[in-house]
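**Q** Take a look at the following structure, please.
The values are calculated or read from the model by the stated rules, or taken from the named source; none is laboratory data. Not measured: the values here are computed from a predicted model. FYI the Cβ positions are ideal-geometry reconstructions off the backbone, even for glycines, and counts take in every protein chain you see. In case anyone asks, the SASA skips ligands and DNA or RNA and just uses the protein heavy atoms, side chains included. Shrake-Rupley method; radii C 1.70, N 1.55, O 1.52, S 1.80 Å.
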Amino acid sequence: MSVAPTTISRTEREPTPARNGERRVVVVGAGPAGLASAAELGRRGIRAVVLEQATGVGWSWRGRYDLLRLNSSRPFSKLPGARFKRGAGLFPSRDEMVSYLEDYAVRHHLEVRLGTRLERIDRGHTGWLLRTSRGDISADQVIVASGYAHTPFVPDWPGRDRFQGRLLHSAAYRNAGSVGEGDVLVVGAGCSGMEIANELARDGARRVRLSVRTPPNMIVRSPIGPLFARAILKLPPARADRLMNAIRRKEIGDLTEYGLPQPEEGVFSRLRRLGVAPAIVDKETIQAIKNRRIEIVAGVESFDRTAVKLVDGTGIEVDSVVAATGYRCGLEPMVGHLDALDRRGVPRALHGEAAAPGLRFVGYVPRPAQIGYIGGEAKRAATEIAQELSG
Ligand SMILES: Cc1cc2nc3c(=O)[nH]c(=O)nc-3n(C[C@H](O)[C@H](O)[C@H](O)COP(=O)(O)OP(=O)(O)OC[C@H]3O[C@@H](n4cnc5c(N)ncnc54)[C@H](O)[C@@H]3O)c2cc1C
């Protein structure tokens, strides 16, 4: 069950008009990054209007699968100025995350304009013109926080449209019941793919195969994982990788015979080169791989009416395919014309600094324990905006 959308106390259908002489600051997106940005602006005496396309804050979290728990522990998953409620799990559940974000918005008196989708940002006479589903809004300062994991991405596999079984992205997966009891192929060995494969193997599917194109770096979920990651991120990547490899050998062991050899490129080198975070997994999932309840198979090459052809030439008959194949930022329609994105469609100015005068992006650095990291980006963006507005 997903959590029902609620309306928060200061949520308004129309934004409060900018007071005389006041410069308008607009934040796009009421997820962790947008809410933290607005709260940090508020802490510096700047009122911001938050535009949210959906009917509740924390919308991305409401739609995620039922068993999702954060892979970063509670102390490292909070936003500036608010802890999780007493009683929340050490790795908060999806619903605990949603209620945390709702409380956060209320506690910081944020003005969230729900049901307002930003379509595009253009340069205005003095600042920015935001084209929204409810009309144009001008702003002197804009923070875009519409999410790194914005648009579910499914590769354009040849024959995909002919497949008569069920094909869904992990963003549409809710629980084992979503795919029935047949043979399931999960594609992609990131956090979601591993977790979903394990749930299916445990709770329903007749046979679960996990299709892996590039063997993932893996880290066992641990309460102090984010603290350790922060410390180790300060080391040169090659040294940090060697340390992580040693930890993997000790905690996970050698999974080569099951189809998951340790990748040559380590956790931090891959993170730096491609922005790909490691898969954070539970020991139970590792055990399911070792018991072959999750069978590792090669990457997907193409689809047929009832079968999937793998890159090693094997063809497998499956009833359902869950594509845990990641997301795209989906920023092109909004800001693609402003020369602010790199070739992958990711903002070039990544850490809360200005991409253009008065335009910033928060929440686009994928890394373990991203939520905790977002707070720092939001603080930087808010501090710079405060300086610019006062200057
Ligand atoms: C399955 C999954 C699990 C994750 N688990 C963890 C974890 O355990 N720990 C961790 O630290 N990180 C985790 N992350 C990574 C990241 O921290 C989260 O994705 C987090 O929600 C990012 O926050 P955000 O505010 O940047 O984006 P989002 O939470 O995606 O929020 C973006 C908001 O912007 C809104 N929006 C989008 N486009 C528009 C538009 N055009 N106009 C108006 N509003 C718009 C959306 O509706 C949404 O409410 C996870 C990511 C995924 C995909």
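**Q** For the chain, what is the calculated [θ] at 222 nm in deg cm²/dmol (nearest 500), taking -39500 (n - 2.57) for each run of four or more DSSP H residues and dividing by its residue count?
**A** -8000 deg cm²/dmol
**Q** Count the DSSP beta bridges whose two residues both fall in segment 89-222, then state the antiparallel fraction as a percent rounded to the nearest 5.
**A** 65 percent
**Q** Also, quick follow-up: Determine the dipole magnitude for segment 39-125: charges of +1 sit on the beta-carbon of Lys and Arg, -1 on that of Asp and Glu, nothing else is charged, the reference point is the Cα centre, and the result goes in debye to the nearest 20.
**A** The dipole of segment 39-125 has a size of about 280 debye.
**Q** Starting at the first residue of segment 150-157, write each ³J(HN,Hα) from the Karplus equation 6.51 cos²θ - 1.76 cosθ + 1.60 with θ = phi - 60°, in whole Hz, x for Gly and Pro.
**A** 8, 10, x, 10, 10, x, 7, 5
**Q** Next question. Can you sort Cys329, Cys191 by 1.4 Å-probe accessible area, starting with the largest?
**A** Order by accessible area, largest first: Cys191, Cys329.
**Q** Output the Cα-based Rg and Dmax of the chain in Å, rounding Rg to one decimal and Dmax to a whole number.
**A** 21.8, 69
**Q** Could you give the size of the charge dipole of the chain about its Cα centre, using +1 on the Cβ of each K and R and -1 on the Cβ of each D and E, expressed in debye and rounded to the nearest 20?
**A** Roughly 920 debye, rounded to the nearest 20.
**Q** For the chain, which whole-number percentage of the solvent-accessible area (1.4 Å probe, protein heavy atoms only) is attributable to carbon and sulfur atoms?
**A** The computed percentage sits at 50.
**Q** I'd like the antiparallel share, as a percent to the nearest 5, of DSSP beta bridges with both residues in the chain.
**A** So the antiparallel bridges in the chain amount to around 40 percent.
**Q** Say R0 is 51 Å: what FRET efficiency, to the nearest 0.05, do Arg348 and Asp304 get from their beta-carbon distance?
**A** 0.80
**Q** When only the heavy atoms of the protein chains count and the probe is 1.4 Å, how do His125, His351 rank by accessible area, highest first?
**A** His125, His351
**Q** Contour minus end-to-end for Asp203 and Arg123, with contour as 0.36 nm per residue of separation and end-to-end as the Cα-Cα distance?
**A** Using 0.36 nm per residue and subtracting the Cα-Cα distance, I get 23.6 nm.
**Q** Still on this model: Are there any trypsin sites (Lys or Arg not before Pro) in segment 205-261 that are in a DSSP loop and have at most 12 other Cβ atoms within 10 Å? List them by number.
**A** Answer in residue order: Arg206, Lys234.
**Q** Over the heavy atoms of Asp254, what accessible area does a 1.4 Å probe trace out, to the nearest 10 Å²?
**A** 110 Å²
**Q** Can you tell me the accessible area per residue over the chain, all protein chains present, probe 1.4 angstrom, in square angstrom?
**A** Per residue, the chain has 46 Å² of solvent-accessible surface.
**Q** Taking the Cα centre of segment 124-268 as origin and charging only Cβ (+1 Lys, Arg; -1 Asp, Glu), how large is the dipole, in debye to the nearest 20?
**A** My answer is approximately 180 debye.
**Q** Another question, if that's okay. Taking 7 Å along the Cα-to-C-beta vector as the label spot, tell me the Arg86-Thr383 distance in nanometres, rounded to one decimal.
**A** Placing both labels 7 Å beyond Cα along the Cβ direction yields 3.4 nm.
**Q** With r defined as the distance between the Cβ atoms of Glu257 and Ser93 and R0 fixed at 56 Å, what FRET efficiency is calculated, to the nearest 0.05?
**A** With R0 = 56 Å, the Cβ-Cβ based efficiency is 0.95.
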